[in-house]
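Undergrad: Quick one: the structure is below, questions incoming.
Laboratory data are not the source of any read-out in this text; all were calculated from the coordinates shown. In this text, all values refer to a predicted model and were calculated from it rather than measured experimentally. Note: ideal-geometry Cβ built from the backbone for every residue, glycine included; neighbour counts use all protein chains shown.
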Amino acid sequence: MHKILVLVSCAFLLLIIHLLATYFIFPNTYLARINISGKKKSDLTILFEKYRKSPITIQVKDRSYPMSYMSIGVLLDNQKTYNSIYEYNNASFPQKYLSFFSSLFSQRMLLPTMIFSQNYYQFTQNSLFDFSSKKDETYIDNNAKEFKYIENEEVYRIDPENLRTLLVFHFGEDNLVLTPKLIKISNEKKDKISVLNEKIARMYTSPVQIILQGDVPYTIRLDPEQIKTITTLTTNREESLSFTIDEPALSKLVVDPLNSAISNQDKKISSGEMKDKLSSLLSSRIQGASPDTIVSEATEHSNTEGKRTREKYIEIDISQQRMYLFENNTQVATYRISSGLYYPTPVGQFKIINKANNAYSDIYHVWMPFWMAFYYDSKLNAYFGIHELPYWVTSNGTKIQRPREFIGSPHTGGCVALDLGMAKEVYTFAEVGMSVYVFN
């Protein structure tokens, strides 16, 4: 009888253990922070639903943001989590029972299987937290020849992998507060300034040699420090790099020495042209090329180079036998002339006194088309002016024109003669009261 009771008791105990090991979660089993020992699958379903909707507070520095698993795009994979929890329950004999007895004396911790959707990564990517007290600052240091960047902005986003770990390991905590790691947003402006400074460095990476072509070539070398002294960095709202060249400084270092080396005084190097050539070379360096030589040739140039204060004026260079027209500091035309041979053309600054479509000279008895007077000589009681090659009419009505070959050399009585057709263009350009500059 006693043996029967023992056998029945053992059988009943084994049945209880079988039922517990088959339908209930093993003792000392934890899902993250939740003790799920002895629970059934139906209990887990209710539990999962509760924590899926439970509030989460994300702490970012001194700011708190109420969230939930659902609102940030995190889902619990119920089926995979069930499979993980019931792995031992579904084991075969005798492993299931050995695991059951082992669970009475040791803890088993499991982690929930979570699905981190695209919405989660969009949340961590797009949620920016700005703790800036003021904006970043950029300015140009023209002494050091570089852009300076002062970083003031503090903009962060959440580290998605760190928050992911916290959400998994802290699943099941009530009043959950998480403080994820932050990633400081790299300011694109900082990267852009770095690129600009690399371009600036290329401007001054090597000397520039300027070669004057001629019978005896003449060379001037600008070292990087000299290039720095004559350039000024500038920028615009888009912070794209630009620069200006100090033309007077360039003239002192390059143009004046070159012009001193030119034997033909009618020819020279234009400071404006040299400025343009150096600007082009430095711009090429900014773009990644590495030019180091400028070749220049002395040519006939105006004396003023458009630098007079008036918007429109005429310049006449007797040594060059050339006329230049300027408007808004830009040379708009140039013409060959014939100046005074029998009487010198006056030199200085004058103004257009009067204009006439065709004027007559009582001194030389010739007609002067497109007349523009600019000087009155009281001793001669005569006006000097700009006009087309003069002509006269014989007694039989024949028109005789002064030779066009005279243009380019002195052949007049003091006036400035222009070739046929050219005088009309100047006449149209000229205005009474406009300045005329005459140089030897």
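Undergrad: With contacts defined as alpha carbon pairs under 8 Å and 6 or more residues apart, what's the relative contact order of segment 194-297 in percent?
TA: That works out to 35 percent.
Undergrad: Under 13 Å Cα to Cα from LYS145, which aspartates and glutamates show up? Leave out anything in the same chain fewer than 8 places away.
TA: LYS145 reaches GLU198, GLU225.
Undergrad: Please work out how many pairs of lysine residues in segment 194-297 are eight or more positions apart (or on different chains) and have Cα atoms closer than 26 angstrom.
TA: Close lysine pairs found across segment 194-297: 14.
Undergrad: Further, regarding this structure: For the chain, set up a GNM with springs between Cα atoms under 10 Å and report which of PRO291, PRO94, PRO217 has the largest fluctuation.
TA: It is PRO94.
Undergrad: Where does helix 2-23 land angle-wise versus the long Cα axis of the chain, in degrees 0 to 90, nearest 10?
TA: 20 degrees
Undergrad: Assuming R0 = 45 Å, what is the FRET efficiency of LYS53 and LEU98, from their Cβ-Cβ distance, to the nearest 0.05?
TA: FRET efficiency, LYS53 to LEU98: 0.75.
Undergrad: Go ahead and run the numbers for FRET between VAL155 and TYR30, Cβ-Cβ distance against an R0 of 51 Å, rounding to 0.05.
TA: With a Förster radius of 51 Å, E is 0.85.
Undergrad: Rounded to the nearest 0.05, what FRET efficiency do SER64 and SER117 give with R0 = 25 Å and r taken as the Cβ-Cβ distance? Could you check?
TA: Efficiency for this residue pair is about 0.55.
Undergrad: Measure nothing but the geometry: give the 0 to 90° angle between the long axis through the Cα atoms of 188-203 and the longest principal axis through the Cα atoms of the chain, rounded to 10°.
TA: Between the helix axis and the principal axis of the chain, the angle is about 40 degrees.
Undergrad: Additional query: To the nearest 10 degrees, how steep is helix 271-286 against the longest Cα principal axis of the chain, on a 0 to 90 scale?
TA: Taking Cα atoms only, the helix is inclined about 20 degrees.
Undergrad: OK, next. Using the structure shown, select from LYS351/LYS379; LYS134/LYS184; LYS135/LYS192; LYS355/LYS399 the pairs with a Cα to Cα distance greater than 21 angstrom.
TA: Pairs exceeding the cut-off: LYS355/LYS399.
Undergrad: At a Cα cut-off below 16 Å, give the aspartates and glutamates reachable from LYS41, other chains included and same-chain residues fewer than 8 away excluded.
TA: GLU49, ASP77, GLU87
Undergrad: Quick check on the chain: what are the equivalent-ellipsoid semi-axes from the Cα gyration tensor, as sqrt(5λ), descending, whole Å?
TA: 101, 23, 17
Undergrad: Mind pulling the per residue volume of the convex hull built on the Cα atoms of segment 358-440? Å³ is fine.
TA: 110 Å³
Undergrad: Sticking with this one: How far apart, in nm, are two points set 7 Å out from the Cα along the Cα-to-Cβ line at ILE46 and at LYS379?
TA: Calculated label separation equals 12.6 nm.
Undergrad: With each run of n ≥ 4 DSSP H residues scored as -39500 (n - 2.57), what mean residue ellipticity at 222 nm is computed for the chain after dividing by its residue count and rounding to the nearest 500 deg cm²/dmol?
TA: -8500 deg cm²/dmol
Undergrad: Mind jotting down the distance between the C-alpha centroids of segment 166-207 and segment 339-394, whole Å?
TA: Here the two parts' Cα centres lie 76 Å apart.
Undergrad: With each label point set 7 Å from Cα along the Cα-Cβ vector, what nm distance links ILE16 and ASN329?
TA: Output for this residue pair reads 10.4 nm.
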